[in-house]
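The values are calculated or read from the model by the stated rules, or taken from the named source; none is laboratory data. For clarity, every value in this text was computed on a predicted model and none was experimentally measured. Cβ: placed from backbone, ideal geometry, glycine included. Neighbour counts: every protein chain shown.
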Amino acid sequence: MSAKPEKPNPEFVTAFARGLGVIRSFGPDHRRQTLTEVAERIGLTRATARRFLLTLVELGLARTDGKYFELTPAVLDLGHAYLSSLNVWDALQPSLDAVSRDLDESCSAAVLQGTEIMYIARAASRHRILSIGLRVGTRLPAHATSMGQILIANAEPATLAAYFRQAELLAYTAHTVARREALEARLAQVRMQGYAVCDQELEAGLRSIAVPVMNRKGRTLAAINVSSHAGRTSVEHLMSVFLPRLRAAAIEVNQAIYSL
């Protein structure tokens, strides 16, 4: 006797699943798509795909020029609650707090999201450096930040290729590495030395140094950094004092992650 087909789950919301399918249809090789391309990729009619896409546009999660659709950075907010709730990232906070206390500077952690970094943990000091307030979920351009350079330098080949296809290398200051050739040379240096220093590349007066947090296979999971004001901390001080403390913190975080 043949088995009876399973009954569909009455709690399953088909429309919601299809909407998520529309979002997932975008990726490094499909950053911009026409309505027809989206419909064909996920097996929807053009009319249905159009409704989902225009809903995403209305919510600010996508944009369109009338022909092509693409996701906006706001779609990352969908994953923010997940990232901030992961037990693995809870292991970061005690180490960040300790570094901040020891150095009397802000210490942060971030992951790579497209062409930006997104803060996943932070221990703020009494010193205000950036003109904008930083918090968990804040996103900054990867190429102009020390954590971004660590994350790009250690990215998988497919992620790195996608980054350079999508990145707009804007010059935020006179010190920003804003040419692809120069950035690739910088990333090769970062990869070799295992740390990144940004000297006023995002904003005048801001200096920072970052190191990777890796898993047992050597894959970079996140980056942690310490930032300071250029008038208070020299690049030499970053290297001689901040870097050893950051490296020790990265080891502490690795040990905490493995113990979970």
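Miscellaneous remarks
- Considering the stretch 64-95, the residues that are modelled with pLDDT under 90 and among the charged types (D, E, K, R) include one that is nearest to Ser25 (Cα to Cα), namely Asp77.
- Count - residues of the stretch 30-58 that are exposed (fewer than 14 other Cβ atoms within 10 Å of the Cβ) and in contact with a helix residue (DSSP H, G or I) (Cβ under 8 Å, 6 or more places away or on another chain): 5
- From Ala223, Ala162, residue being part of a helix (DSSP H, G or I), in the same structural domain as Val136 (by TED's automatic domain parsing), in contact with a Pro (Cβ under 7 Å, 6 or more places away or on another chain) and under 30 Å from Arg31 (Cβ atoms): Ala162
- Figure legend. Inter-residue proximity from the stretch 93-119: first residues more than 17 Å from Ser227 (Cα to Cα), second residues of a type in the set (Lys, Arg) and in a strand (DSSP E or B), beta-carbon distance below 6 Å, spacing 6+ or different chains. Indicated pairs: Glu116/Arg139.
- Any chance Ser234 is in the same structural domain as Ala249 (by TED's automatic domain parsing) and buried (at least 21 other Cβ atoms within 10 Å of the Cβ): no
- Per the listing Ala210, Ala188, Ala182, the residue uniquely modelled with pLDDT of 95 or more and in a strand (DSSP E or B) is Ala210.
- Residue count for the stretch 213-260, restricted to those that are at pLDDT 95 or above and of a type in the set (Asp, Glu): 1
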